[in-house]
Amino acid sequence: MRPNFALGPIDSVSQYLIYVSIVVLGVLLPVLLQKWRQRRQDALLVQRTLAALRDEITGNRRKLATSRDSFVGLAAVFDEQYRHYEGLWHRLGENAAADLEPRPPESPDVTVTLPALLKTAWDVAHVSNALALLPRERLVPFTRAYYLQDALADNQSVQRHVAIESEALDTPLDLRHRPNVEARLQALAYARAAVRHQVSLSDATLRAYDDALAEAAGT
């Protein structure tokens, strides 16, 4: 047999097995070490990603909760105004008072905020392939939260349109004529439906945020 300068001549099966074991370990150890390092780097990447997502979602949730409350206040105003014009519409239909000079309802000053929700951490997680390291059941809450956040962003154009149209509600109108009241009711019905949709979408997003934060806290 060929001599082995490290172990001496290989003249037995046991020495041959030792030699093979050393060769195998020499090949496997670097591979195992590299896999260990990769797993460690992946675990650190997942931790950093979850921390960044948690911070971003926490900030987004705070802004969205404030915005949602402002739309709830606006919805209450629209509801009150709609009831006022609805009652007036019925009275005009009954001709209860021919000389009635109805007045529009008061228009309280309501400040509505549209939240500027961030998704930087989510985009970075995509680029860094960190999301691929998460199990499906852990990824679902974050995906749902940012999906609904995008839906809210798409809905902002509708809310801006409602804000513009709402200015027309302050336009003087002869409320002794039923068609004028009907037109005002139609405008309020559209605005009220749009605001209710915003509140509903905000509620769904807030619940999704809570689920994602619970998942991030479970790391």
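So that you can scan it fast, the table gives a plain yes or no per residue for (1) of a type in the set (S, T, N, Q); (2) under 17 Å from TYR147 (Cβ atoms); (3) crowded, with 20+ Cβ neighbours inside 10 Å:
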site: GLU182; (1), (2), (3): no, no, no
site: GLN186; (1), (2), (3): yes, no, no
site: ALA191; (1), (2), (3): no, no, yes
site: VAL195; (1), (2), (3): no, no, yes
site: GLN198; (1), (2), (3): yes, yes, yes
site: ASP203; (1), (2), (3): no, yes, no
site: ALA208; (1), (2), (3): no, yes, yes
site: ASP211; (1), (2), (3): no, yes, no
site: ALA217; (1), (2), (3): no, no, no
Might you let me know whether segment 170-179 holds any residue that is of a type outside the set (S, T, N, Q), touching a residue at least 12 places away in the same chain (Cβ under 8 Å), touching a Phe, Trp or Tyr at 6+ places or on another chain (Cβ under 7 Å) and assigned to a helix (DSSP H, G or I)? yes
Return a yes/no flag: does segment 143-165 have any residue that is more than 25 Å from ARG62 (Cα to Cα) and surrounded by 15 or more Cβ atoms within 10 Å (Cβ to Cβ). no
Looking at segment 104-128, which of its residues are over 30 Å from HIS84 (Cα atoms) and loosely packed, with under 11 Cβ neighbours inside 10 Å? ALA116, THR120, VAL127
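When you check VAL110 against the structure, is it hydrophobic (A, V, I, L, M, F, W, C), closer than 22 Å to ALA75 by Cβ, touching a residue at least 12 places away in the same chain (Cβ under 8 Å) and part of a loop (DSSP other than H, G, I, E, B), yes or no?
Working: hydrophobic (A, V, I, L, M, F, W, C): yes; closer than 22 Å to ALA75 by Cβ: yes; touching a residue at least 12 places away in the same chain (Cβ under 8 Å): yes; part of a loop (DSSP other than H, G, I, E, B): yes.
Answer is yes for this residue.
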Test ASP79 against the stated conditions and say whether it is exposed (fewer than 12 other Cβ atoms within 10 Å of the Cβ) and at pLDDT 90 or above. no
Looking only at segment 166-183, count how many residues are among the charged types (D, E, K, R) and closer than 26 Å to THR111 by Cα. 2
If you check GLN186, GLN149, GLN198, which single one turns out to be in a helix (DSSP H, G or I), more than 18 Å from VAL110 (Cα to Cα) and within 23 Å of the chain's Cα centre (by Cα)? GLN149
Quick check on my filter: what residues within segment 134-164 are touching a Leu at 6+ places or on another chain (Cβ under 7 Å) and within 13 Å of LEU50 (Cα to Cα)? LEU139, PHE142
Give ARG160, ARG192 a once-over and let me know the one that is without any contact (Cβ under 8 Å) to a residue 60 or more places away in the chain, of a type in the set (Lys, Arg) and in a helix (DSSP H, G or I). ARG160
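The values are calculated or read from the model by the stated rules, or taken from the named source; none is laboratory data. Every value quoted in this text rests on a predicted model; they were computed, and no experiment measured them. Cβ coordinates were reconstructed from backbone atoms using ideal geometry, including for glycine residues, and neighbour counts include every protein chain displayed.
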